[in-house]
Amino acid sequence: MSTKHTHAFQAEVKQILHLVTHSLYSNKEIFLRELVSNASDACDKLRFEALDKNELFEDAPNLEIRLLVDKEKRTLTIRDNGIGMSADEAVAHLGTIAKSGTRDFLANLDESKKGDANLIGQFGVGFYSGYIVADRITVESRRAGLSAGQGVRWISEGTGEFEVEPIDKAERGTDVILHLREGEDEFLQPWKLRAIVGKYSDHISLPILLRKEVWDAEKSAYVTTDEWETINKASALWARPKSEVTQEQYEEFYKTLSHDSQAPLAYTHNRVEGRSEYTQLLYIPVKAPFDLWNRDKKPGVKLYVKRVFIMDDAQELMPAYLRFVRGVIDSADLPLNVSRELLQESRDVRAIREGSTKKVLSMLEALADSDDQADKDKYAAFWKEFGAVLKEGMGEDFQNQERLAKLLRFASTHASENVSLTDYVGRMKEGQEHIYYITADSLAAAQSSPQLEIFRKKGIEVLLMTDRVDEWMLSHLHEFEGKPLQSVAKGAVDLGKLQDEAEKKAAEEAAEAFKPVLEKLKDALKDRAKDVRVTTRLVDSPACIVVEEGDMSAHLARLLKQAGQ
Ligand code: ADP
Ligand code: MG
């Protein structure tokens, strides 16, 4: 009886395999980083499951990763003694893509972007990157806790389908065996493997072992011995002192963590002591991930407790408006068996979240307030990508509202972008008491609004707000440095001291003179307008519509209507 079964890959997997082999080739050595990181994840999972099930360690408590080379067969094997996979898990995890959002992502990916390795990397092509250098991959695995007879062999050429059959496997864990493509023999060279591990996987906290080679004078060549040697530092990067980590190592760690192919915009690494003791290593990416606007997008911070991996994207560690931050938090206080429920209630977690939020804001302030133009440019780039998300913080994080307000940037009638409230206040006219703004669907619509005419004429700056979140944000931003914000499209805009006596007098006289006309207009528009009045805000246009102070702005009314409310 044949026990071999053939399965077809899920359609999305086929698409990804195609993308991987066609567009990641220029950076092919990343396959090793991906497979080593899977091996390391598998060991983390074992360690975690074994917390209350110690027998899962069987008789091999030392978790490790080995790289095995067979020059004759031309195979490179990545072996771990982590959690392993059952037959069902192998079919599910290596034949489908479970991650939510990936389907939509693929559907929306337009042709021009299909070669973008950065985008592809974001949703973790991980395992499939092996096909960049291999034309066949065999995976042999046995899940911890299952018997030796319950192993599984998975084989595929990375085209349409894969085969699965049961095998005996004495040692728990997984072997990923790459049958290298023609011309990829460099990945059989120990020096090459060392170099790649050194570059991408040095921070992996488990030992990565390779057989030792010695010089054989007789053969005048290196020969492989039976002895194993550790080829990485094998200590968690964030646990090392700052002075021992190079910028390049920080950046490579970020890339592994985030699947981003670009270096981060900024990072911060600190050991916090005091009421709560923890280490934080936090990164701000250059580019927004494709799913930043998914409402259920989780913050990208991993939680460790004393170097033991606990969970990915622990939402409790970072407020939602900082969901673009990536990194690691390693707590010395939390219990190892901490659950999501416990995280929500923990005072230690609250302290970590507050501390981490402050660090991220400091990182942003350092860029925004720097005298160095390069930093300022970085902040401008950050604002372009993430500004709209940061604005959410104005309504979510009252504790840091003042700091956040200083980080806001807008377009205005004076500058097309990057105007801070501090800049605005610094340019306020003599006698100006308010910060004026207008909201609209687009910059063009805002700029051509007749409501700006008087402000233009008098040279008073008006902030132009065109982000969807602006209306909502404004309901939480009433003043800045004692200066109230005032919409130019609401009420009878009181220019106060900005208006001279003659102008006031002229306005009063006009109001008097136009009384009969106003009465007629009011009567004619009585079902549609609450009031009709003479205004000083217009210079060229004959009339404009305004909403009453305290009422919903016309722009917000439009947004709500679009949203079907
Ligand atoms: P990701 O690592 O982002 O989940 P991958 O494509 O790298 O995506 O891996 C897919 C899944 O296959 C993993 O989530 C895991 O369940 C399983 N897997 C891959 N490699 C291993 C391994 N060495 N041991 C156990 N499971 C693995
Ligand atoms: Mg992976």
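The table that follows gives values for the structure above.
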read-out	value
Ranked packing of 425-434, 213-222, most packed first, by mean Cβ within 10 Å	425-434, 213-222
Whole-angstrom gap from region 170-210 to region 131-152, using each part's C-alpha centre	16
Span per principal axis, largest first, for the Cα atoms of region 118-275 (Å)	52, 47, 35
Pairs of alpha carbons in region 240-342 whose separation is greater than 24 Å (percent)	23
Between region 238-269 and region 390-465, the alpha-carbon center distance in angstrom	36
Cβ-Cβ FRET estimate between Q150 and W215, R0 fixed at 51 Å, reported to 0.05	0.70
Listed peptides 147-157, 503-513 by packing density, highest first (mean Cβ within 10 Å)	147-157, 503-513
Convex hull (Cα only) mean projected area of region 403-461, reported in nm² to one decimal	4.3
Helix runs (DSSP H) in the chain reaching 30 Å along axis by Cα, Kyte-Doolittle at least -0.5	347-368
Rounded to the nearest 20 debye, dipole of the chain from Cβ charges on Lys, Arg, Asp, Glu	600
Peptides 322-335, 385-398, 64-77 ordered by average Cβ neighbours within 10 Å, highest first	322-335, 385-398, 64-77
Taking the C-alpha atoms of region 191-271, convex hull volume expressed per residue in Å³	115
Distant-in-sequence amide H partners of R136 (H built 1.01 Å from N, under 5 Å)	H179
Exceeding the 21 Å Cα-Cα cut-off - candidates K169/K192; K429/K458; K242/K359; K306/K358; K71/K219; K4/K28	K169/K192; K306/K358; K4/K28
Karplus 3J(HN,Hα) series, Hz, for region 463-468 with 6.51 cos²θ - 1.76 cosθ + 1.60 (x for Gly, Pro)	6, 10, 10, 10, 7, 4
Percent of alpha-carbon pairs separated by more than 34 Å within the chain	53
Charge dipole of the chain about the Cα centre (unit charges at C-beta), most positive-ward option of L51, L408, T6	L408
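Read-outs: derived from the displayed coordinates by stated rules, not from any lab. Just so you know, these numbers come straight off a predicted model, no measurement behind them. Glycine also receives a Cβ, built like all others from the backbone with ideal geometry; neighbour counts cover every protein chain displayed.
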